Each structure stands twice: as C-alpha cells, then as structure tokens.
1. Report the gain in length on full extension from A51 to C19: 0.36 nm times residue separation, minus Cα-Cα distance, nm rounded to one decimal.
2. From the phi angles alone, apply the Karplus equation (6.51, -1.76, 1.60; θ = phi - 60°) to the range 49-56 and give each ³J(HN,Hα) in whole Hz, x where the residue is Gly or Pro.
Amino acid sequence: MRLAWPAAKKAAKWAIKQCGDLGLPVRLCSSYELNYPHKDNAAYNSFLYVAGLLAAKEMAQQRGDA
C-alpha cells in the first residue's frame, strides 16, 4: 500500500473535483449515461465514488495522511 497511496490520493482528489452540487460525480461516462443523457447522476457511478472515497480514507488513515 505504501507505493499505491500517492496514486490513490491523486485519483481521490480528481474524483472529488468531478462532483456537482449534490456532492456526487456528474456526467461520467458509463452505459447508463449513454442511455439517459438527460440525467446528471447515475447510481452506479455514485456508489463507486462513495466506495472509492471510503477506500481512500482508510488508506490515508493507515498512512497517517490527514
């Protein structure tokens, strides 16, 4: 994990920047958005986003990174 943390931290920061007013990722490309282009958020993307943030939080805590 020591080697993975810098890349994971960078990915988490990027994901946070993709968020809209609801604090969830907006218009990220997945098969859901291709079928429903008028929707801003997809449950699938939102679920993976939250799971990714939880993983990043755990990694940060283990590395002692606030």
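Derivation of every value follows stated rules applied to the coordinates shown; laboratory data play no part. None of the values given here were measured: they were computed from a predicted structure.
1. Length gained between A51 and C19: 10.1 nm.
2. 4, 5, 4, x, 5, 5, 5, 5
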